[in-house]
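Structure provided below as structure tokens; questions to follow.
The values are calculated or read from the model by the stated rules, or taken from the named source; none is laboratory data. In this text the structure is predicted, and so the values were computed from the model without any measurement. Glycine also receives a Cβ, built like all others from the backbone with ideal geometry; neighbour counts cover every protein chain displayed.
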Amino acid sequence: MELMGNLSKSDKDLGQVDTPPHIVQSLVSLLPNKYDFFADLGAGLGNLSALLPISNGILVEIDVDRFKQLERTLSKLHKPILADVLDENFYLNEHLPSNKKNLYISNPPFCRKKTNYSFDYFLELNSNSSFKQLDIAFLDKVMSSMNCKSSLMFIISAPFVAFEKYFPQRKKFINSFDSLSVISLDDSIYEKTEVQSYAVIAHKRSSNEFKHRISLKKMDAFGGITDQILVTRNEAMKSLCFEYHHKLKIINSLVDSNCKTIGDLNSSLVRGSHSKLHFDHLDLESIHTTDLKEPFLFLNNKQQSKIFKSANINDILIPRVGKRALNRESIVKEGNQIFTDSVYMLSSKSKDDSKIIWNSVSSEVGKLWRSMHAQGKCAKYLTREAILSMPIL
């Protein structure tokens, strides 16, 4: 395997999937300004920049074969550069005109990989770990290079857009721009992947005043905008995902803003002791996410385990992981059984509280809540905080 800069050069390790031309065309049509120059970072075969109405630009690509193809096909005004965008010795500003309207575009790798890259704009992300979220690293490189006339069009994955852990970086990013649109892309546009992706179009702040609210849009597989929500900057800091705010709007119409949450009740929330594979090796039956298809569980086991966590009568079980399982829930009506670490158990000593929790978890509001708070790029999961902050009805 050939190594270049910080990233390994193989198709699999590059972690990039080209954006279909019709999606690119739709995104380009959303750009409101004319630009003097563009920088296409991690350019691949140049799909993003090919449809731009901009005469001058650079395309930075790490892969030798793709770089050679760019050399053969690009016009003289579009310059390919063989380089690793994240190399500390690659300086973007050396290749872009100063004090011009520059547009930065990228469909970077979505994976988390080992790299020596040092964050310059999102300084808090520098840690002892050498594993970095590469799309956020690409974004950091651009944010460190932009002038007040610059804009960006970035395709980025779910962590930066919606994960709680990136709230500080999201806040800083949002406050850096005069206007900002985030388009949720259809899951099916990237073949052989199930990664939720977003297109971010943003224009740098030129003054101390914010002129616009933030636009969150939804795009279908054909490149059409099917819905849109305007949110405040404070709302956007929680999440830049259209679905999150769409579902929150529905929940707010059904639930009082001052209502209590599951965490306010005298209840406990625990996850199972071990994986399903571990219990299978011990030849022990266990409740897994695939067993939570029916609302009521009638279990055969009458003897409670003294070693592993068990679900008993009136205990409520919720999948902790699994994109297609998070809208399920079950309550034990008879017997008891151990459960896997892919499952949460909600329990209360009060029968009345158990009933309240069950009504809330199994309601449409409860399902929506879990859906909008699910974390993860591919395999979705729920945090303890997401469950405990769920409103009770």
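Condition check ((1) in contact with a strand residue (DSSP E or B) (Cβ under 6 Å, 6 or more places away or on another chain); (2) surrounded by 15 or more Cβ atoms within 10 Å (Cβ to Cβ); (3) assigned by TED's automatic domain parsing to the domain that holds Leu27) across all residues:
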{"position": "Tyr190", "(1), (2), (3)": "no, yes, yes"}
{"position": "Lys217", "(1), (2), (3)": "yes, yes, yes"}
{"position": "Gln228", "(1), (2), (3)": "yes, no, yes"}
{"position": "Arg233", "(1), (2), (3)": "no, yes, yes"}
{"position": "Ala236", "(1), (2), (3)": "yes, yes, yes"}
{"position": "Ser257", "(1), (2), (3)": "no, no, no"}
{"position": "Ser273", "(1), (2), (3)": "no, yes, no"}
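On to the next question. State which residue is farthest from Thr226 (Cα to Cα) when the search covers only segment 166-202 and only residues that are of a type in the set (Lys, Arg) and at pLDDT 90 or above.
Filtering first and then ranking leaves Lys172.
Regarding segment 309-319, can at least one residue be identified that is surrounded by 13 or more Cβ atoms within 10 Å (Cβ to Cβ), of a type in the set (Ser, Thr, Tyr) and within 31 Å of the chain's Cα centre (by Cα)?
no
In this structure, does Ser98 turn out to be buried (at least 21 other Cβ atoms within 10 Å of the Cβ), in contact (Cβ under 8 Å) with a residue 40 or more places away in the chain and of a type in the set (Ser, Thr, Tyr)?
For Ser98, the condition - buried (at least 21 other Cβ atoms within 10 Å of the Cβ), in contact (Cβ under 8 Å) with a residue 40 or more places away in the chain and of a type in the set (Ser, Thr, Tyr) - is not met.
Can you pull out every residue in segment 371-393 that is in a helix (DSSP H, G or I), surrounded by fewer than 21 Cβ atoms within 10 Å (Cβ to Cβ) and not hydrophobic (A, V, I, L, M, F, W, C)?
The answer is Ser371, Arg384, Glu385.
Give me the residue from segment 238-255 that is under 18 Å from the mean Cα position of the chain (by Cα) and without any contact (Cβ under 8 Å) to a residue 40 or more places away in the chain and, out of that set, surrounded by the fewest Cβ atoms within 10 Å (Cβ to Cβ).
His246
I've got another one for you. Of the conditions (1) of a type in the set (A, V, I, L, M); (2) in a loop (DSSP other than H, G, I, E, B); (3) in contact with a Gly (Cβ under 8 Å, 6 or more places away or on another chain), Leu326 satisfies every one except a single condition; which number is it?
All conditions are met except number (3).
Let me ask you something else. Under 6 Å between Cβ atoms, at least 6 apart or on separate chains: pull out the pairs that start in segment 354-381 with a residue that is farther than 19 Å from Arg271 by Cβ and end on any residue that is modelled with pLDDT of 95 or more and among the charged types (D, E, K, R).
Ser362/Glu329
For segment 140-168, how many residues are part of a helix (DSSP H, G or I), under 26 Å from Leu248 (Cβ atoms) and out of contact with any helix residue (DSSP H, G or I) (no Cβ under 7 Å at 6 or more places or on another chain)?
Looking only at that region, the number is 4.
Taking Ser184 as the residue in question, decide whether it is among the small types (Gly, Ala, Ser) and within 20 Å of Glu88 (Cα to Cα).
no
For segment 12-129, please list each of the strands (runs of 3 or more DSSP E) lying entirely inside it that holds at least 3 residues being under 20 Å from Asn147 (Cα atoms).
Once the strands (runs of 3 or more DSSP E) in segment 12-129 are filtered for at least 3 residues that are under 20 Å from Asn147 (Cα atoms), what remains is 37-41, 57-61, 102-106.
Something else: Please list, ordered by first then second residue, the pairs with beta carbon atoms under 9 Å, 6 or more apart or interchain, first in segment 166-182 and in the same structural domain as Asp227 (by TED's automatic domain parsing) and closer than 19 Å to Lys141 by Cα, second of a type in the set (S, T, N, Q) and part of a loop (DSSP other than H, G, I, E, B).
Matching pairs, first to second residue: Arg170/Ser239.
Okay, next question. Scan (1) of a type outside the set (Val, Ile, Thr); (2) over 26 Å from the mean Cα position of the chain (by Cα); (3) at negative phi; (4) in the same structural domain as Arg324 (by TED's automatic domain parsing) for the single condition Asp283 breaks and write down its number.
Among (1) of a type outside the set (Val, Ile, Thr); (2) over 26 Å from the mean Cα position of the chain (by Cα); (3) at negative phi; (4) in the same structural domain as Arg324 (by TED's automatic domain parsing), Asp283 violates only (3).
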